[in-house]
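Chemist: Let me begin by handing over the structure; questions about it come next.
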Amino acid sequence: MIVKFKNNATDSPSEQNHRLNKEVTSENTEPFDYSRVLVNKPWGYEYLVFENDHVAIWMLHIVRKRKTSMHCHPNKKTALVLLFGSATCSSLDGSVDLSALDGVVIEPGIYHSTEASNPLPIEPLSENGIWVMEIESPPNKTDLVRMQDNYGRKDTAYEGQNKMVFDPSNCLKFKEPQAGSVVRNEFNDCVFTLHKGPFIKTNDYPGPNALVSIIGNSSNLESGNTFLKTGGLCTFKEFCENTKNENLDSFTFLTIKNMPVSIKVSDYVFSKIVDLGVKDVFTVSGGAAMHLLDSLGNNKDLNYITSHHEQASAMAAEGCARVTGKPGVALVTSGPGGTNALTGVCGAWIDSIPCIFISGQVTSNTLIKNTGLRQFGIQESDIATLAKPITKYAVTITDPEKVRFHIEKAIHLATTGRPGPVWIDIPLDIQSKIITPSKMAGFEPPDNGSHNQTSLQKQVRECLHLLRNAKRPVLITGYGIRLAKGEKEFLELAEILKIPVISSWTSSDLISSTHPLSIGRSGIFGDRAGNFTVQNSDLIISIGSRLSVPQIGYNFPLFAREAKKIVVDIDDVELNKSSLQIDLPIQADAKDFILEMLNRVKGESLPNIDHWKKKCTAWKKKYPVMLPEYKNVKDSVNSFYFVETLAEKLDNRAVIVTDMGTSFTCTMQTFKIKFGQRLFTSSGHASMGFGLPGAIGACIGNNRKETICISGDGGLQM
């Protein structure tokens, strides 16, 4: 909870007499180095934790049942955070009760006071006092005025040196972070991080409820965004929602989050899921997962959705991940609970969907391990070994002290590089162990370095050279563009290049079917216009598509036989497979490539290809998938006609999920996308039965908004 104390225009005259003229400041203007002292107060003590040109951060220890004076800072803002205990923060207008990691933002000139409260006669949390952090901006300690307090103090005087302890020990101190580095500190179950620039997913990546304050800005430009004002305070979730398109390079951030001293393993697992911003977990219950189920059910930040079959839970997790952009999560039990889910896991693996699968397991003393037995524990199967070929990481955790490492590693691998599913298997006895995560080793991602920017720049120059010499270029889109969160930038690039766009079946919802550059879909389940365009092109730029066999056909050499091929893929294995002869392979994140292209192509003089675009558009008009005679079928409804009619009726917010067989092929060939719609299925694994659970997961992930499931060929029964 974060509240704000603001100036109130409706104050009574008596209250207005207490309001301060902001010209008033302390008479004590002599500079003093407060970083070297601890200042004794009648209510406890305070000391300076950090100071730069923008903020001063103070730590206050307030003794039980005591309170600071009613005071104000005429010319500076204060963000107050309760770190430990229970407190009441008051202004002249009222008061608010605070618990750990609650905050108050206090405007300049607002009188306020903080009291160490204890709602119960004896409350251990506040028995020895409370800890409060104050972030003051700008950092001027003399900017202080007090009202008469219970300790005989009044007006502007600050404590003299007779109240100070010089060079105290065991005080929390923050260091100024270097660009790209993170400074981490722990204090009273709180974790503080300071870093410069955008947030990067490391072990200290804030959860949605963590607090964020900007404590520095190296730019001379003041942002108009209130969430980018120095010395403010908000939750990380609020910060992300309100700064999506902002450049954060110049800012220095302080984040504060709670790290319990001790926690049950199963509770810790789902606290890490919450930190990812995930809200929904799909599950089928079972005895081997009892502690995990209990922790899931008691976590107020998570909803659990139960299925009749673990395959459905896994597929629903994939559907949810596709619409939220966050990992899908499923929880299953041991033995058949795990094996039932593997079909869904394989679908997420092939389509590169980030998912976290968590399973309960038999107790660690009855694991098969290396005994040679087929089974030892009740209803046991070695699920981690079975899942390993179709996951980025699969592990059975047998040491509770390594839980943090394995969870953080699994999350990192699922969400970075080429995304995909991971499997975390936890024996029943390990689920119930008590651990102290802050004292455990975490996972430190290897410094592989980002894809060489200089190399990417060179490859983009080569790409533009080929583009300048092409007469019949075409862009092929893949799902990697959406995985890289580059949808908006791709559309901008396509409209600057002004070349025809062909969709793969996983990316048909990146561009509306009526867009003048959208020609169609290629492959054996594509349309004639799309395939004619590809086969007659002289240059293909494929972004984020693995160009699978259904996309290029079975006679590999005949795919785009006259075209030079530029293929952008984050996975070098895809760039080296035998089915493709690539002229310019570019191993890069799709969005990184698109952004570099945008940087280079603006101002470029590209050849006029209007004749080629007109030909492609003519194919689109001449060879529609839905022919007029399909409307006149007697005694039945033509599948193509049905899909076209459905597409006309749906608005641009609809999410459409298909099953396999005709429900898939007709939809992918015929459906006319409106910008903003989503259309997908389990395209690679193509498992019958995906439609309904995939749609359920998508619907739940999309806040239960309208979701259309198109099923057929018996898929609904599976």
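Each value in this text was obtained by applying a stated rule to the coordinates, not by laboratory testing. No experiment lies behind these values; they were computed from the predicted model shown. Cβ atoms come from the backbone with ideal geometry, glycine included; neighbour counts cover every protein chain shown.
Chemist: List the trypsin sites (Lys or Arg not before Pro) within segment 603-649 that fall in a DSSP loop (any state other than H, G, I, E or B) and whose Cβ has at most 15 other Cβ atoms within 10 Å.
Modeler: Values: sites: LYS613, LYS614, LYS615, LYS620, LYS621, LYS622, LYS631, LYS634, LYS649; in loops: LYS634.
Those satisfying the criteria are LYS634.
Chemist: Which number do you get for Rg(Cα) / (2.2 N^0.38 Å) in segment 182-258?
Modeler: On the way: Rg = 11.8 Å, N = 77, 2.2 N^0.38 = 11.5 Å.
Against the empirical 2.2 N^0.38 Å value, I get 1.03 for segment 182-258.
Chemist: Moving to a separate point now. Given 37 °C and 0.692 mPa s, how large is the Stokes-Einstein diffusion coefficient of segment 297-367 in µm²/s, with Rh as the Kirkwood radius over Cα pairs? The partial results should precede the final answer.
Modeler: Details: Rh = 12.7 Å.
In µm²/s, the coefficient is 258.
Chemist: Diagonalise the Cα gyration tensor of segment 628-717 and give the resulting equivalent ellipsoid semi-axes, square root of 5 times each eigenvalue, largest first, whole Å. Walk me through the intermediate numbers first.
Modeler: Values: eigenvalues 93, 56, 22 Å².
Values for segment 628-717, descending: 22, 17, 11 Å.
Chemist: Next up: For a distance above 34 Å, tell me the whole-number percent of Cα pairs in the chain that qualify. Numbers along the way, then the final one.
Modeler: Numbers: 146024 of 257403 pairs.
For the chain, the share of Cα pairs beyond 34 Å comes to 57 percent.
Chemist: In segment 28-96, what chymotrypsin sites (Phe, Trp or Tyr not before Pro) fall in a loop by DSSP, with at most 14 other Cβ atoms inside 10 Å?
Modeler: Values: sites: PHE32, TYR34, TRP43, TYR45, TYR47, PHE50, TRP58, PHE84; in loops: PHE32, TRP43.
Sparse-neighbourhood loop chymotrypsin sites (Phe, Trp or Tyr not before Pro): PHE32.
Chemist: Using mean Cβ contacts within 10 Å as the protection proxy, how do 162-173, 322-333, 230-241 order, highest first?
Modeler: On the way: 162-173: 11.6, 322-333: 24.6, 230-241: 19.2.
Highest to lowest by the protection proxy: 322-333, 230-241, 162-173.
Chemist: When you count, for each residue, the other Cβ atoms within 10 Å and take the mean per peptide, how do 367-378, 295-306 rank with the highest first?
Modeler: Values: 367-378: 12.5, 295-306: 15.4.
Ranking, from highest mean packing down: 295-306, 367-378.
Chemist: Next question, about the same structure. How far, in nm, would the chain grow between GLU604 and ILE434 when pulled straight, counting 0.36 nm per residue and subtracting the alpha carbon separation? All intermediate terms of the calculation are to be shown ahead of the outcome.
Modeler: On the way: separation 170, 0.36 × 170 = 61.20 nm, distance 6.11 nm.
Contour length minus Cα-Cα distance gives 55.1 nm.
Chemist: Mean projection of the alpha-carbon convex hull of segment 567-718 over all orientations, in nm²?
Modeler: Details: hull surface 53.8 nm².
Dividing the Cα hull surface by four gives the mean projection, 13.5 nm².
Chemist: Okay, next question. Principal axis lengths of segment 527-594 from Cα atoms, whole Å, largest first?
Modeler: Per principal axis, max minus min of the Cα coordinates gives 31, 24, 20 Å.
Chemist: Can you classify segment 348-499 as rounded, prolate or oblate using the Cα gyration tensor, where a ≥ b ≥ c are the square roots of its eigenvalues, rounded means a/c under 1.5, and otherwise it's prolate if a/b beats b/c and oblate if not? Mind dumping the intermediate values first?
Modeler: Details: a/c = 3.49, a/b = 2.51, b/c = 1.39.
It is prolate, given that a/c is not under 1.5 and a/b is the larger ratio.
Chemist: Which value in Å is the Kirkwood Rh of segment 587-643 over different Cα pairs?
Modeler: Numbers: mean 1/r = 0.0634 Å⁻¹.
With all distinct Cα pairs of segment 587-643 included, I get 15.8 Å.
Chemist: Starting from the Cα gyration tensor of segment 264-439, take the square roots of the eigenvalues, sort them a ≥ b ≥ c, and report rounded, prolate or oblate (rounded when a/c is under 1.5, otherwise prolate if a/b is larger than b/c, else oblate). Walk me through the numbers on the way to the answer.
Modeler: Numbers: a/c = 1.39, a/b = 1.18, b/c = 1.18.
In terms of gyration-tensor shape, rounded.
Chemist: List the pair-distance distribution P(r) of segment 447-489, using every Cα-Cα distance, as the percent of pairs falling in each 5 Å bin from 0 up to the bin containing the longest distance, rounded to whole percents.
Modeler: With 5 Å bins starting at 0, P(r) equals 5, 16, 14, 20, 30, 11, 3, 1, 0.
Chemist: Can you list the lysines whose alpha carbon sits under 30 Å from that of LYS621, skipping same-chain ones fewer than 8 residues off?
Modeler: Correct list for LYS621: LYS471, LYS488, LYS498, LYS564, LYS565, LYS613, LYS631, LYS634, LYS649, LYS672, LYS674.
Chemist: R0 = 30 Å: FRET efficiency of GLU222 with GLU107, Cβ-based, nearest 0.05?
Modeler: 0.95
Chemist: Ok, one more. Sorted from largest to smallest, which semi-axis lengths in Å does the alpha carbon gyration tensor of segment 453-616 give for its equivalent ellipsoid, taking the root of 5 times each eigenvalue? Don't skip to the end; give the middle numbers.
Modeler: Values: eigenvalues 81, 69, 50 Å².
Listed largest to smallest, the semi-axes of segment 453-616 are 20, 19, 16 Å.
Chemist: Something else: Sorted by mean Cβ packing within 10 Å, highest first, what order do the peptides 59-65, 420-426 take?
Modeler: Values: 59-65: 18.9, 420-426: 27.6.
The most tightly packed comes first, giving 420-426, 59-65.
Chemist: For PHE675 paired with ASN632, estimate the spin-label separation in nm (one decimal), with each label point 7 Å from Cα along the Cα-to-Cβ line.
Modeler: So the label points at PHE675 and ASN632 sit 3.7 nm apart.
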